[in-house]
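The values are calculated or read from the model by the stated rules, or taken from the named source; none is laboratory data. Treat the numbers as computed from the prediction; the structure is a model and nothing was measured. When we count neighbours, we look across all protein chains shown, and the Cβ atoms used for this are built from the backbone with ideal geometry, even at glycine.
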Amino acid sequence: MEHWIFTGTADKRDLLLYICKVLASAGRRVLLVDATSKGKYGYVIEGISTGEGMIEFHGFDVALASAGSDKLERCDGYDYCLYDVDYAFSAGRKLWSEAGQIIWVTSYDRFEIADSCGFFSRLFQTWPELRGIKVQPVFTRTMDTLIDEQYVLSFMEQLPIEWQAADIRIPWDEINFVVQMENEYSQTLRMKAITRAYKRAITELISRLAGWESKKVKRAFRKAERRKA
């Protein structure tokens with residue numbers, strides 16, 4: 001079992017749901033844990049409950065975590081367990097220290113960057129042994145601008161983080177937003193209509209995190225696009 005932590009102030013629900021569907025379409029058992037401060041996935045998937053309760057959604061399971069949870073055993077029986085964490089104390093020290101991958105999702109928004117900087121600062125103050133962790137940055141809602149990924153990371157350079165390659169970006173496109181909104185209101189998970197750029201970013205990210213060849217991810221992606229439930 002591998003568990004991945006996705007953190008950052010940016011809304012990343014659509015990204016994690018798509019990743020989970022692709023992994024599940026490859027025949028993997030997947031659990032998505034909503035460890036957000038507001039229980040954000042409850043607005044996308046009805047019926048999520050706390051504790052051991054979970055709900056199946058398009059081939060993978062989804063559960064709502066309790067703040068400070070260190071219950072890695074809840075992931076027993078799964079190949080991949082993905083956590084969406086948006087504040088420092090919604091996941092315990094063990095969860096952070098034993099994470100197979102830590103992914104920071106952000107846009108170029110100054111508030112998101114500053115808030116994430118404070119997030120990591122509090123994390124290291126609470127658990128100094130986490131200093132030096134490897135973090136994969138993912139940039140969402142990107143656009144043509146003088147601001148680039150390296151400039152954004154310069155605001156985080158005081159943090160004791162080993163940053164991985166900052167080359168995964170999801171360009172802003174109205175189409176992706178429309179698909180996300182329609183999915184939320186219809187309580188479904190269609191992904192065929194998202195842009196090619198978004199699909200490439202998801203494919204590259206899964207390939208990098210899971211260590212899969214690109215061809216394998218693309219096959220699973222096509223299957224996920226056809227899968228209706």
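Scan the range 206-215 and give yes if some residue there is among the polar types (S, T, N, Q) and surrounded by 12 or more Cβ atoms within 10 Å (Cβ to Cβ), otherwise no. Yes, the conditions are met somewhere in the range 206-215. Between 173, 167, the distinction of being out of contact with any Ser or Thr (no Cβ under 8 Å at 6 or more places or on another chain) and farther than 13 Å from residue 113 by Cβ belongs to 167 only.
In the condition set (1) assigned to a helix (DSSP H, G or I); (2) loosely packed, with under 12 Cβ neighbours inside 10 Å, residue 165 is compliant with all but (1).
Within the range 190-229, the set of residues being of a type in the set (A, V, I, L, M) and in contact with a Gly (Cβ under 9 Å, 6 or more places away or on another chain) comprises 209, 220, 224, 229. For the criterion of being surrounded by fewer than 18 Cβ atoms within 10 Å (Cβ to Cβ), at pLDDT 95 or above and over 27 Å from residue 1 (Cα atoms), residue 147 fails.
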